[in-house]
Structures are given as C-alpha cells and as structure tokens.
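Step one of this worksheet: look at the structure below.
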Amino acid sequence: MTRHIMAGILLAVSCCLCFGQEQLRVIDSMEDASLYTPAQPELGHEWTGEVAVDNEEFKEGAGSLRFSVHSARSGEESFPQWGRSFDREKNDWTGYRALRYRVKVTSRDPGVKQKMMCIVVYNGDAPLQQFVRHNVPVGEWVQLTDNIVTYNRDRVRGIVIYLYETDPSRQDDYTWWMDE
C-alpha cells in the first residue's frame with residue numbers, strides 16, 4: 001500500500017512539473033492609447049474611430065482601452081482595426097501559451113446582438129496573420145482566451161485588433177472596451 005501511495009505522489013509531482021504554472025505575460029502599457037494606431041480604411045470603405053483610456057473612476061470599464069467606431073456603411077465591410085508595434089528583437093513569446101483579455105461591446109443599433117473581434121499576432125520578417133475570432137455578445141463583459149501555442153511567436157513584431165462590423169448595409173456606432 002505504501003508503494004502505491006509513493007507511486008501516486010511521484011506521478012502527481014511529475015504532472016505538476018510537466019504542466020506547471022503557466023507563465024503570464026502582461027503587455028506593458030496596455031492602457032496607453034497612444035500606442036494603438038488606426039488602420040486606414042480600404043478604398044470605398046468609410047469608418048472613423050478613436051482609442052482612449054476610459055479613466056472615469058468608479059465606472060464599469062474604468063482603466064481599460066476604449067475603441068469607438070462610427071461606420072458610414074458603404075455597403076462593404078471595412079474591418080475597423082488598430083495596430084500596435086513591438087520591437088521584434090525583444091519580444092519572444094515562445095514561453096507563453098495563451099492571450100487572455102476581457103472585452104465588452106455596445107452598439108447603437110438595437111438589432112445588433114453580437115459583434116466579432118480578434119487580435120492578430122504578427123511575427124518576424126514575413127508577417128503572418130495568426131488569430132482566433134470571437135463572437136462577443138453586446139452589453140456583456142466576456143473573458144476571452146486565444147491559444148497561441150501553434151503561433152510562430154519567437155519575434156513578435158506587433159498586434160492588430162480587428163473590430164468587425166455586423167451588417168455593412170446599416171450605419172452603426174459601437175464601442176469596444178478591452179481590459180487585462
């Protein structure tokens with residue numbers, strides 16, 4: 001019986017070593033809105049937007065990035081997006097397995113029940129789009145996790161946050177908050 005207990009303890013310890021505590025990486029200055037640059041809309045697509053830190057104390061979303069988008073609805077989806085660059089020589093994410101973040105979206109259009117978004121990770125000299133798309137219900141904070149184990153992530157050069165439109169034929173004003 002003692003042998004079985006010892007074997008069980010050894011198995012448990014080896015599992016803890018193999019699957020030990022996941023490393024956490026905090027993207028420094030996440031709440032520095034000046035680091036995020038809007039991408040210009042493609043020809044024929046019209047949207048405007050801004051990014052800021054929502055810093056009203058005691059308000060839901062305080063301290064998080066706020067992305068506000070106004071779409072003129074050209075009939076074609078315009079893929080509103082903001083990018084942030086990193087020094088690829090200093091950003092080795094191979095020791096990390098996931099991106100975790102909280103988001104919330106609101107829309108002026110009462111018919112919109114959800115919106116899609118993703119964080120695209122670019123790596124190295126030949127940029128490769130690596131991402132997971134998420135459908136986010138309107139009006140709720142949602143915790144999202146992107147498994148990045150299969151990403152090429154040894155020299156991360158930047159991220160782009162895509163905030164997809166829902167129906168390109170209708171005008172919409174919507175706001176995203178990103179935190180953590």
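Taking region 82-103 as the range and being over 12 Å from residue 122 (Cα atoms) and part of a strand (DSSP E or B) as the test, the residues that pass are 82, 98, 99, 100, 101, 102, 103.
Within region 86-96, track down each residue that is surrounded by 15 or more Cβ atoms within 10 Å (Cβ to Cβ) and at pLDDT 85 or above. Reasoning before the result, please.
The initial filter retains those residues of region 86-96 that are surrounded by 15 or more Cβ atoms within 10 Å (Cβ to Cβ), namely 86, 88, 91, 93, 96.
Hits for region 86-96 are 86, 91, 93, 96.
From the list 179, 167, 87, 125, the lone residue that is under 15 Å from the mean Cα position of the chain (by Cα), closer than 22 Å to residue 39 by Cα and among the acidic types (Asp, Glu) is 179.
The values are calculated or read from the model by the stated rules, or taken from the named source; none is laboratory data. Fair warning: this is a prediction, and the values are worked out from it, not measured in the lab. Every residue, glycine among them, receives a Cβ derived from its backbone with ideal geometry; neighbour counts consider all protein chains shown.
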